[in-house]
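Everything on this sheet refers to the single structure shown next.
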Amino acid sequence: MKIKDIRASVHTTSIDVPLLSERVSGYGREEQREFVFCEMETDEGLTGVALTGHFLARAVVVALERHFLPAVVDMDPREVEAIHHRVWRTLNPRTMTGVVSSALSLLDIALWDIQGKAAGRSVASLLGGARTEVPVYVTFGFPQYDRETLCAAAQLQLDQGFTALKLVVAVDKSGWREDAARVHAVRETVGAGVDLMIDANYLFTPVEAACLCRAVEDANLTWFEEPLHQNDARAMADLRSHTRIPLAAGQMEGHRWRLRELVERQAVDILQPNVCYCGGFTEARKAAHLAQIYNLPLAHGGGWPLFNLHTLAGLMNGWILEWHLGMVQVGELLFPDAPRPVDGRIAVPDRPGLGLTVDRAALRDTLVRDL
């Protein structure tokens, strides 16, 4: 079996946010407007699909079609180590991230989808088959909510069967003090028996993050995700040594060496490789094995749960999956047979590969044509 073609395209959509009257353009924060869809074709008629987010989306398309395809055409899609070696040697010998990592993620996810279809097994099974379902937490706390609506949204998710919730911090104009008030309000609403996480998306300085940690330590948070600018491993290690709140990071890191820095600096309690950004399943598996050596669990952050589900289900130290309401709507639009959580858990599809069927009409409707 040989790789014959790789096609990529940029798409956009809008989403419904619970308790907001108007649809939100894109699928989350203001800058999250576009995403990239990729499809790989083999000479035996098998195809694999993949998806990544908004970071320099148009450049990712050019990279895949003009640079990655010539590098890997006619290679066997099952030989993922050989393909990664070819990509590292010919396209990225200096281990840069950004566009290269996003393009490699698309390439690799499609490779594993094809492998699973060829073998009649799910990607999770090929990765190791550690479990057939994983727990889910819902990212519900959109920054558009005021404090009262935020609490109502939290209760809405509890009513729908979720027992783990995450809200965004570091975006309110009133700063970390308002974040602390919002966290305490949600904790009072949901009670002590619900896992509660917060995510700063890299947006705090060390001082701001330390102040928020001190203010919310009594809220019994399960983790504080990506608290600091640039995922500064040195500063995160310092923050970790001064707070009882577990720290999580790694979802946007572009390869195993950046993830290794977080682990070896003892900057995190929980590692979060995301296959849509880190270089795909092949790279995430290496990060997972690194985390196993240090007795660290993998939790998912950064969205695109329909792909990352397979990492957490396949690998021994996989833990909990993010059900990001914006990216979930994108996934369910493109893949109408996508799995959904039941009572806070989600099962791996009982179909080969990723177990996803593409809605071609939805692809056409969301296509960005002015590239």
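Just checking, how many residues over region 91-118 are over 15 Å from Thr47 (Cβ atoms), aliphatic (A, V, I, L, M) and modelled with pLDDT of 95 or more?
The total comes to 5.
Could you go through region 6-18 and let me know if any residue there is in contact with an Asp or Glu (Cβ under 8 Å, 6 or more places away or on another chain), at pLDDT 95 or above and buried (at least 22 other Cβ atoms within 10 Å of the Cβ).
Yes, that holds for at least one residue.
Please go through region 206-228 and give me each residue that is open to solvent by 10 Å² or more (accessible area, probe 1.4 Å) and more than 29 Å from Phe281 (Cβ to Cβ), ordered by number.
Once the filter is applied, which keeps residues that are open to solvent by 10 Å² or more (accessible area, probe 1.4 Å) and more than 29 Å from Phe281 (Cβ to Cβ), region 206-228 yields Pro206, Val207, Glu208, Ala210, Cys211, Arg214, Ala215, Glu217, Asp218, Asn220, Leu221.
Checking Gly26 against (1) of a type outside the set (Ser, Thr, Tyr); (2) touching a Ser or Thr at 6+ places or on another chain (Cβ under 9 Å); (3) modelled with pLDDT of 95 or more, which single condition isn't satisfied?
Of (1) of a type outside the set (Ser, Thr, Tyr); (2) touching a Ser or Thr at 6+ places or on another chain (Cβ under 9 Å); (3) modelled with pLDDT of 95 or more, only one is false for Gly26: (3).
Quick test for you: out of Val49, Val61, Val72, pick the one residue that is crowded, with 21+ Cβ neighbours inside 10 Å, more than 24 Å from the chain's Cα centre (by Cα) and under 22 Å from Glu283 (Cα atoms).
Among Val49, Val61, Val72, only Val72 is crowded, with 21+ Cβ neighbours inside 10 Å, more than 24 Å from the chain's Cα centre (by Cα) and under 22 Å from Glu283 (Cα atoms).
Given the conditions (1) under 20 Å from Ala8 (Cα atoms); (2) among the basic types (Lys, Arg); (3) free of Cβ contacts under 8 Å to residues at least 24 places away in the same chain, report the number of the one that Arg89 does not fulfil.
(1)
It is to be established whether one or more residues within region 219-236 are more than 27 Å from Gly98 (Cα to Cα) and in a helix (DSSP H, G or I).
Taking every residue of region 219-236 in turn, at least one turns out to be more than 27 Å from Gly98 (Cα to Cα) and in a helix (DSSP H, G or I).
Going by the structure shown, is Asp159 more than 30 Å from Ala210 (Cβ to Cβ), in contact with a Gly (Cβ under 6 Å, 6 or more places away or on another chain) and charged (D, E, K, R)?
No.
Restricting the first residue to region 10-32 and requiring it to be of a type in the set (A, V, I, L, M), which pairs with a second residue that is in a strand (DSSP E or B) and open to solvent by 10 Å² or more (accessible area, probe 1.4 Å) meet a Cβ separation below 7 Å and a spacing of at least six or different chains?
Here the result reads Val10/Glu34; Ile15/Val24; Val17/Val24; Val24/Ser14, each pair linking region 10-32 to a residue that is in a strand (DSSP E or B) and open to solvent by 10 Å² or more (accessible area, probe 1.4 Å).
Could you give every pair whose Cβ atoms fall below 8 Å, whose first residue belongs to region 120-138 and is touching a residue at least 40 places away in the same chain (Cβ under 8 Å), and whose second residue is of a type in the set (Ser, Thr, Tyr) and open to solvent by 60 Å² or more (accessible area, probe 1.4 Å), counting only separations of at least 6 or pairs across chains?
Pairs that qualify, where the first residue is touching a residue at least 40 places away in the same chain (Cβ under 8 Å) and the partner is of a type in the set (Ser, Thr, Tyr) and open to solvent by 60 Å² or more (accessible area, probe 1.4 Å), are Ala124/Thr132.
So in region 75-90, with the set limited to residues that are crowded, with 17+ Cβ neighbours inside 10 Å and among the hydrophobic types (A, V, I, L, M, F, W, C), which one is farthest from Thr42 (Cα to Cα)?
Across region 75-90, the extreme among qualifying residues is Val87.
So which strands (runs of 3 or more DSSP E) stay within region 239-356 end to end and still have 1 or more residues that are outside the structural domain of Val60 (by the TED database), among the charged types (D, E, K, R) and crowded, with 24+ Cβ neighbours inside 10 Å?
In region 239-356, 321-324 are the strands (runs of 3 or more DSSP E) which contain 1 or more residues that are outside the structural domain of Val60 (by the TED database), among the charged types (D, E, K, R) and crowded, with 24+ Cβ neighbours inside 10 Å.
The values are calculated or read from the model by the stated rules, or taken from the named source; none is laboratory data. Just so you know, these numbers come straight off a predicted model, no measurement behind them. No Cβ is skipped: glycine too gets one built from the backbone with ideal geometry, and neighbour counts run over all protein chains shown. Areas reflect the complete protein model, heavy atoms only, side chains present, ligands, DNA and RNA absent. Shrake-Rupley method; radii C 1.70, N 1.55, O 1.52, S 1.80 Å.
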